[in-house]
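The structure under discussion appears below in the form of structure tokens.
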Amino acid sequence: MAGESVPVLEREEVEAVERVPKLLEPWNVVLLDDDDHTYEYVIEMLHRLFGHDIELCFLMAKEVDTTGRVIVFTTHRERAELEAARIHGYGADPRLPRCKGSMSAIIEPAYSI
């Protein structure tokens, strides 16, 4: 395209563009239901791992029990992976002898554009 001029950014404009932080896409940590953990276990785990107040933990425990899943935390992908791993590593419910391990969790995009 002969004769067309290409816009040139001034140095200050380039530096300003370079300083704009990139926003990280939000991801949900989703706790999945099973029959091998008590409400007390779920409430305790959510309170200890995420710092949610006890009332919210109870509501989350009720939701996972009735719907099969509940979003327990939303953050960027790397942190969501870490938080899901913390759920997987929390351990068995000592209140139920048949319980053999931690609850399960997955991560999923919080929304798609």
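Bear in mind that the values in this text are calculations on the coordinates, not laboratory data. Only a predicted model underlies this, so the values are computations on that prediction, with no experimental measurement involved.
For Asp93, the amide hydrogen comes within under 5 Å of the amide hydrogens of Gly101, counting only partners 5 or more places away or on other chains and with H modelled in the peptide plane. Between the amide H of Ala110 and those of Trp27, Asn28, distances stay under 5 Å, these residues lying 5 or more places away or on another chain, with hydrogens modeled in the peptide plane. At full extension, Leu24 and Ile106 could sit 27.7 nm farther apart than now, given 0.36 nm per residue minus the alpha carbon distance. In order along the range 79-92, the Karplus-derived 3J(HN,Hα) couplings, from 6.51 cos²θ - 1.76 cosθ + 1.60 at θ = phi - 60°, round to 5, 4, 4, 4, 5, 5, 5, 5, 4, 4, x, 5, x, 6 Hz, and Gly and Pro are given as x. Residues whose amide H falls under 5 Å from that of Val70, counting only those 5 or more places apart or on a different chain, are Leu31, with hydrogens built in the peptide plane.
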